[in-house]
Amino acid sequence: MHGQRIRACLQQAELSPVPVPAQIAILMALKSRLFEPVTLDRMTQAQRAVQEAAAGMPVDLATRLVSADKLREEDQVAIIELARKAIVPFLPHAEASKTAPTEAP
């Protein structure tokens, strides 16, 4: 299953290249297995959410991602957290909480 998620994330639409910071965020999310609980039918949406989150990362972090400098540990942590937050709506428990009845106070 992990391999299927990797393949799903590596596919890019023709003439729509993925920016480097988004590619790095997706690869780090894959390496950290953040996509594992996401069902295969929602992988494209989850990947897109990570791409959109990466587009909003701080400029200094995005600049370091495209430079030749080694990625700092705090940058890695920030990217993983950014990806984790972007993926949350696509996790099975997120669906359950959307459909669960709410209790009246």
Handout entry: Apportionment of accessible area to carbon and sulfur, the range 22-76, percent (1.4 Å)
Key = 52
Practice task
Could you work out how far apart the two model spin labels at Arg33 and Ile80 are, taking each label as a point 7 Å from the Cα in the direction of the beta carbon, and quote it in nm?
Solution key: 1.3
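The values are calculated or read from the model by the stated rules, or taken from the named source; none is laboratory data. Predicted model, so just to flag it, every value in this text is computed and none were measured. Cβ sites come from the backbone with ideal geometry, for glycine too, and all protein chains shown count toward neighbours. Side chains included, ligands, DNA and RNA excluded: accessible areas come from the protein's heavy atoms. Shrake-Rupley method; radii C 1.70, N 1.55, O 1.52, S 1.80 Å.
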